1. Starting from segment 12-26, keep only residues that are farther than 15 Å from residue 130 by Cβ, then list their pairs with residues that are of a type in the set (A, V, I, L, M, F, W, C) whose Cβ atoms are within a distance under 8 Å, requiring at least 6 positions of separation or different chains.
2. Collect the residues in segment 168-187 that are among the aromatic types (Phe, Trp, Tyr) and in contact with an Asp or Glu (Cβ under 7 Å, 6 or more places away or on another chain), keeping them in residue-number order.
3. In segment 189-212, which residue that is touching a Pro at 6+ places or on another chain (Cβ under 8 Å) and at pLDDT below 95 is nearest to residue 160 (Cα to Cα)?
4. Any residue that is of a type in the set (Lys, Arg), touching an Asp or Glu at 6+ places or on another chain (Cβ under 7 Å) and either within 12 Å of residue 245 (Cα to Cα) or without any contact (Cβ under 8 Å) to a residue 12 or more places away in the chain (or both) - is there at least one of those in segment 159-167?
5. Go through the residues of segment 262-278 one by one and say whether even a single one is outside the structural domain of residue 16 (by TED's automatic domain parsing), within 18 Å of the chain's Cα centre (by Cα) and free of Cβ contacts under 8 Å to residues at least 12 places away in the same chain.
6. Can you pull out every residue in segment 66-87 that is within 22 Å of residue 41 (Cα to Cα), in a loop (DSSP other than H, G, I, E, B) and of a type outside the set (Asp, Glu)?
7. Looking at 150, 90, which is the one that is touching a strand residue (DSSP E or B) at 6+ places or on another chain (Cβ under 9 Å), surrounded by fewer than 21 Cβ atoms within 10 Å (Cβ to Cβ) and in a helix (DSSP H, G or I)?
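The values are calculated or read from the model by the stated rules, or taken from the named source; none is laboratory data. In this text, all values refer to a predicted model and were calculated from it rather than measured experimentally. Glycine gets a Cβ as well: all are built from the backbone with ideal geometry, and neighbour counts include every protein chain shown.
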Amino acid sequence: MKVRKAVIPAAGLGTRFLPATKAAPKEMLNVVDRPSIQYVVEEAVKAGLDDVLLVTGRGKSVIEDHFDHTPELEAVLEAKGKNDLLDLVRAVTALAQVHTVRQPEPLGLGHAIGMGERHVGGEPFAVLLPDDLIGQRETLLADMVGAAERHDAHVVATMKVPGDAISAYGVAAVSEEVEPGLFHITNLVEKPDPGDAPSDLAIVARYVFQPSIFEFIKATKPDAKGEIQITDAIQHAVETETVLARVFTGDRYDTGDKSDYLRATVELAADREDLGPRFRDFLREFVAGLDERS
């Protein structure tokens, strides 16, 4: 079946960005001139997925509002002849069919994805974690969708993570290469000690699931924190179905990390046709003068 739908879990508290996220959802923090979650929805649409379900939580209604019509604002912009801004506002609403469902308790990523079962139905679907932005020129999600459709398989994105950092991720053990950059997963380990990691391939933020994943989520027991981990559910799938790892080597930004958030803002702004030339000139001057400032 064709993949048409995307689920974006957006119910997290954003504690890594306090106090900025005390009253504002972390997904609405701007990267250049757009909230970070808009980049993620745009990525889904670019991959051919125009039906998007946002899994939100308490205090997150502003995310839904961002993708809704704003008649008052549109009327003001139209009356003032600010057509460029009016087009930008209307383009956000026209991006995709955006739906929402609320996760009543923070019971883990697996539970959040499971909240999408009624909307997704019996179709394959993609999951995009909004903390992670993928470079604007990358085709990761589209590649994963194609692989899932060709092989009738679950597909997870992985990246090589060196050293001790691997312990922060779910890690995939792989066997034969099915296609260039696409490997068969034989085992998954959640947050292993570096010496026990089965490989250096960490699972990162993008998934394409067959609908059977919902049954595997239901069969997954909560961990010590009472959360249902999606890595554990995928491990159940590995035991009976085909799960593939897409090895990604392109640009990825963890916007929940302050340093990576700044890197995303700088690199994406520098790459923009409208902002890039002047901004790159500024960066050159700024970097050249760093020694004098210190």
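1. These pairs meet every condition: 20/29.
2. The one that is among the aromatic types (Phe, Trp, Tyr) and in contact with an Asp or Glu (Cβ under 7 Å, 6 or more places away or on another chain): 183.
3. Within segment 189-212, the match that is nearest to residue 160 (Cα to Cα) is 200.
4. Scanning segment 159-167 turns up at least one residue that is of a type in the set (Lys, Arg), touching an Asp or Glu at 6+ places or on another chain (Cβ under 7 Å) and either within 12 Å of residue 245 (Cα to Cα) or without any contact (Cβ under 8 Å) to a residue 12 or more places away in the chain (or both).
5. yes
6. 67, 69, 70
7. Among 150, 90, only 150 is touching a strand residue (DSSP E or B) at 6+ places or on another chain (Cβ under 9 Å), surrounded by fewer than 21 Cβ atoms within 10 Å (Cβ to Cβ) and in a helix (DSSP H, G or I).
Quick grid of which residues meet (1) within 22 Å of the chain's Cα centre (by Cα); (2) not acidic (Asp, Glu):
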{"site": "7", "(1), (2)": "yes, yes"}
{"site": "40", "(1), (2)": "yes, yes"}
{"site": "44", "(1), (2)": "yes, yes"}
{"site": "48", "(1), (2)": "yes, yes"}
{"site": "51", "(1), (2)": "yes, no"}
{"site": "54", "(1), (2)": "yes, yes"}
{"site": "59", "(1), (2)": "yes, yes"}
{"site": "73", "(1), (2)": "no, yes"}
{"site": "87", "(1), (2)": "no, no"}
